[in-house]
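Reviewing the structure listed below.
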């Protein structure tokens with residue numbers, strides 16, 4: 001009798017009927033990604049706006065989820081916001097799943113996904129050598145929300161908590177501090 005692999009592959013996942021859900025694969029384990037709340041979406045959109053300005057000034061490409069990043073046939077993630085440097089733009093597929101890791105992957109933390117995003121997802125991104133990863137958390141200060149743990153310039157590390165997959169400051173991306181108000 002031939003042993004079967006219980007893990008799901010990206011090719012198998014693509015054959016599933018569209019049921020409106022978002023899925024990720026962690027070592028072949030299917031993870032249903034819940035729909036984000038309004039605040040989550042607004043924070044992700046603000047981060048994307050900042051990255052779009054960066055993209056216009058420096059090149060490259062940024063995108064919001066859902067966007068499949070196929071790290072391997074058994075590992076597929078949909079970070080909330082991703083950025084690819086200009087020199088890697090030609091490697092991206094405009095009409096197919098992307099099979100190269102982004103230069104920056106950002107997760108906006110929500111109560112329902114925080115443990116997985118901080119744990120398994122960050123470990124997976126590090127394992128597949130995503131050079132810069134960030135976690136955006138909510139910090140209420142006089143009606144402002146500060147995205148902490150996003151890649152910023154070294155000088156802005158005093159105002160935002162900086163975390164990368166290797167616990168060092170991001171040296172190859174020079175992003176402005178990601179601080180904004182959600183009241184606008």
Over what distance in Å are the Cα centres of segment 106-128 and segment 36-73 separated?
16
By counting other Cβ atoms within 10 Å of each Cβ, how are 50, 100 ranked from fewest to most?
100, 50
At residue 49 and residue 93, where each label point lies 7 Å from the Cα along Cα→Cβ, what is the point-to-point distance in nanometres?
3.3
Footprinting proxy, 69, 31: sorted fewest to most Cβ within 10 Å, the residues are 31, 69
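Just so you know, all these numbers are worked out from the coordinates, no wet-lab data involved. For clarity, every value in this text was computed on a predicted model and none was experimentally measured. Quick reminder, even Gly has a Cβ in these numbers, built from the backbone with ideal geometry, and neighbours come from all protein chains shown.
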